[in-house]
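The values are calculated or read from the model by the stated rules, or taken from the named source; none is laboratory data. Quantities reported herein were computed from a predicted structural model and do not represent experimental measurements. Glycine gets a Cβ as well: all are built from the backbone with ideal geometry, and neighbour counts include every protein chain shown.
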Amino acid sequence: MIIRVSIPGIDVPDHRGRTGLDQVGRDLDRNPDVVVTDVELLASGWHVLRKTTFDRRRSDGEWVSEQRETYDRGNGATMLLYDVERRTVLLTRQFRYPVYVNGHPDGLLIEAAAGLLDDDAPEDAVRREVEEELGVAVGEVQHVFDVFMSPGSVTERLHFYAAPYRPADRTGAGGGLAEEGEDIEVLELPFDEALDMVDDGRIADAKTILLLQWAALRGPFRT
């Protein structure tokens, strides 16, 4: 007698109500030189870790079989708030365990406001995150670019935005949502000091560095 075991996240819902997590990628056909042959669900405690087996035709014409593990946490959006007249930017500081365990002095990372899209459009999501984290209701926003942040293993694509702000735009203290465990400090920094902090390592977050450099080279603080 064969006993079929139900696996949460595959044929029965996991704790977030998801099924079919092992199906993602099986129908990919945009690249004729890549054929997905198997997808294995490794973990789905909150986000999703998969091991995918695929055949790939190399540039020399040879077909090879490869495996890759991918971490799927969904896509996200980030925004740099800037005040041209006062030449300041509005950033956050919060504890990030992954950077702490990998050598950051205290794990308190300085960042541009950001968050996952969930089921929202990128601009809607980043407006929500800016209001929650920084306490600012932004007006018109500028889409800057979209970037794959860690393409070797993480599927996330991050949508980058920028928007002006004034002190009068503050609608609250920010700090994030306490019910989600967020404990975020709001930092208003002179733009030139923020660039110096990139140089000396006090700002070490990739998305924030990209936005600051964009602001200096092509954005509101270009000369």
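So here's what we get for this one:
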{"quantity": "Scan of segment 110-135 for residues that are β-branched (Val, Ile, Thr) and out of contact with any helix residue (DSSP H, G or I) (no Cβ under 8 Å at 6 or more places or on another chain), ordered by number", "calculated": "126, 130"}
{"quantity": "Selected residue (only one of 68, 56 is touching a residue at least 24 places away in the same chain (Cβ under 8 Å), surrounded by 11 or more Cβ atoms within 10 Å (Cβ to Cβ) and either part of a loop (DSSP other than H, G, I, E, B) or outside the structural domain of residue 156 (by TED's automatic domain parsing) (or both))", "calculated": "68"}
{"quantity": "Qualifying residues in segment 1-50 (those that are among the small types (Gly, Ala, Ser) and in a loop (DSSP other than H, G, I, E, B)) - the one nearest to residue 68 (Cα to Cα)", "calculated": "25"}
{"quantity": "Selection count where residues are modelled with pLDDT of 90 or more, surrounded by 14 or more Cβ atoms within 10 Å (Cβ to Cβ) and farther than 15 Å from residue 47 by Cβ, scope segment 1-21", "calculated": "2"}
{"quantity": "Residue in segment 195-210 that is farther than 18 Å from residue 146 by Cβ, assigned to a loop (DSSP other than H, G, I, E, B), without any contact (Cβ under 8 Å) to a residue 12 or more places away in the chain and basic (Lys, Arg) present", "calculated": "no"}
{"quantity": "Selected residue (only one of 123, 69, 111, 85 is among the charged types (D, E, K, R), at pLDDT 95 or above and under 13 Å from residue 207 (Cβ atoms))", "calculated": "111"}
